[in-house]
1. Could you run through the range 89-115 and say how many residues are touching a Leu at 6+ places or on another chain (Cβ under 7 Å), within 15 Å of the ligand (Cβ to nearest atom) and either part of a helix (DSSP H, G or I) or not small (Gly, Ala, Ser) (or both)?
2. Can you confirm whether HIS80 is buried (at least 23 other Cβ atoms within 10 Å of the Cβ) and either at pLDDT 95 or above or of a type in the set (S, T, N, Q) (or both)?
3. Kindly evaluate ASP51 against the criterion of being among the charged types (D, E, K, R), more than 14 Å from the ligand (Cβ to nearest atom), touching a Ser or Thr at 6+ places or on another chain (Cβ under 9 Å) and in a loop (DSSP other than H, G, I, E, B).
4. Within the range 186-217, work out how many residues are crowded, with 19+ Cβ neighbours inside 10 Å and either within 14 Å of LEU167 (Cα to Cα) or free of Cβ contacts under 8 Å to residues at least 24 places away in the same chain (or both).
5. Here's a check for you: in the range 21-46, which residue that is out of contact with any strand residue (DSSP E or B) (no Cβ under 9 Å at 6 or more places or on another chain) and not in a loop (DSSP other than H, G, I, E, B) is nearest to the ligand (Cβ to nearest atom)?
6. Does the range 206-216 include one or more residues that are under 18 Å from HIS19 (Cβ atoms), touching a Gly at 6+ places or on another chain (Cβ under 8 Å) and not in a loop (DSSP other than H, G, I, E, B)?
Amino acid sequence: MFSYRHAFHAGNHADVLKHTILVQILEYLNQKDTPYWVIDTHAGAGLYALDGEWAGQSGEVSDGLDRLLGAPDAPEMVQHYLEAVQAFNPDGVANVYPGSPSLALQAMRLQDRLRLFELHPTEGQVLEDTLRKRMRASPRQVAVAREDGFQGLKRLLPPPSRRGLVLIDPSYEDKQDYRATLQAVRDGLQRFATGCFAVWYPLVQRVQAHEMVRSLERLPGNWLNASLTVHKPSADGLGLHGSGMFVVNPPWTLQAGLEASLPWLKNILAQDDQARFSLVHSGQMPTPDAVGHRPSMRQKRSPSRK
Ligand code: SAM
């Protein structure tokens with residue numbers, strides 16, 4: 001099977017972008033009483049130890065979440081993300097990183113439903129344990145399917161209340177994921193035309209990645225595409241130099257939130273002078289720079305970690 005384990009990457013710059021947007025979408029969904037569903041086709045393990053062996057080994061969180069802690073003037077949307085992470089770290093030290101299922105469940109009301117897919121047997125088991133023991137999720141509200149999220153998504157759409165978010169966040173370890181993601185969005189929109197679909201994608205030197213994003217941008221309807229480059233692409237063509245989130249039917253609040261947040265995130269997460277962001281939406285071009293406020297969680301975890 002595949003070797004990808006999200007624990008190595010938890011809290012990195014890509015998680016920061018993805019989860020900042022996720023938190024904003026959830027806040028928007030919470031503005032109305034009508035129940036909604038969140039379907040996470042690639043859920044991961046749910047919660048990650050930042051002081052654990054894997055995260056410590058990769059050190060990716062140092063160039064992600066860690067840089068935001070205590071940084072001045074965080075825009076409101078980023079502050080809300082930091083508050084969501086802080087809720088999992090009540091002692092004020094960022095030792096635990098919440099993945100998308102945890103962030104979603106934390107934001108959701110009793111009437112809302114969370115449907116998760118995770119194919120990796122170990123990650124699936126950890127996810128179930130985390131939800132049951134740590135998050136005390138009720139089986140009525142949350143269901144985990146240890147199956148292919150691209151396939152499973154089809155039978156869940158549209159959700160009964162016709163309100164919801166589909167998060168598609170593959171590791172793209174398998175090149176077929178690019179095609180499968182595009183197809184999942186196209187099929188998903190046929191079944192649930194008003195649904196919000198959020199696709200995470202890597203900025204890598206791979207033709208399939210570029211083609212997928214260009215094809216997503218050819219989708220009819222309302223969409224928004226935010227990307228953040230943190231360093232120049234490597235000479236050998238390997239590695240992730242940034243990431244993006246493509247959101248179909250975005251909340252109307254998201255564009256303004258990103259206009260304020262992306263420039264700040266770019267400055268904080270930049271690893272060299274090639275760092276940049278772009279924000280494109282259906283029928284429009286990249287936006288100009290802007291800035292905003294300040295996070296409350298200041299402390300990184302203990303200095304013993306790499
Ligand atoms: N969404 C998570 C988050 O934001 O915290 C991170 C998910 S991680 C990038 C991708 C996960 O998808 C991995 O745990 C991997 O095992 C799982 N996976 C890979 N292919 C899958 C598939 N076809 N269906 C469901 N899960 C899959």
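1. Here the count works out to 12.
2. Answer is no for this residue.
3. So ASP51 passes the test.
4. 10
5. VAL23
6. No, because not a single residue in the range 206-216 is under 18 Å from HIS19 (Cβ atoms), touching a Gly at 6+ places or on another chain (Cβ under 8 Å) and not in a loop (DSSP other than H, G, I, E, B).
Every residue, every condition in (1) of a type in the set (Phe, Trp, Tyr); (2) away from the ligand (no atom under 16 Å from the Cβ); (3) touching a Lys or Arg at 6+ places or on another chain (Cβ under 8 Å), yes or no:
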position	(1), (2), (3)
ASP129	no, no, no
VAL144	no, no, no
PRO159	no, yes, yes
ALA180	no, no, no
ASP187	no, no, yes
ALA193	no, yes, no
VAL213	no, yes, no
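The values are calculated or read from the model by the stated rules, or taken from the named source; none is laboratory data. None of these values were measured; they are calculated from a predicted model. FYI the Cβ positions are ideal-geometry reconstructions off the backbone, even for glycines, and counts take in every protein chain you see.
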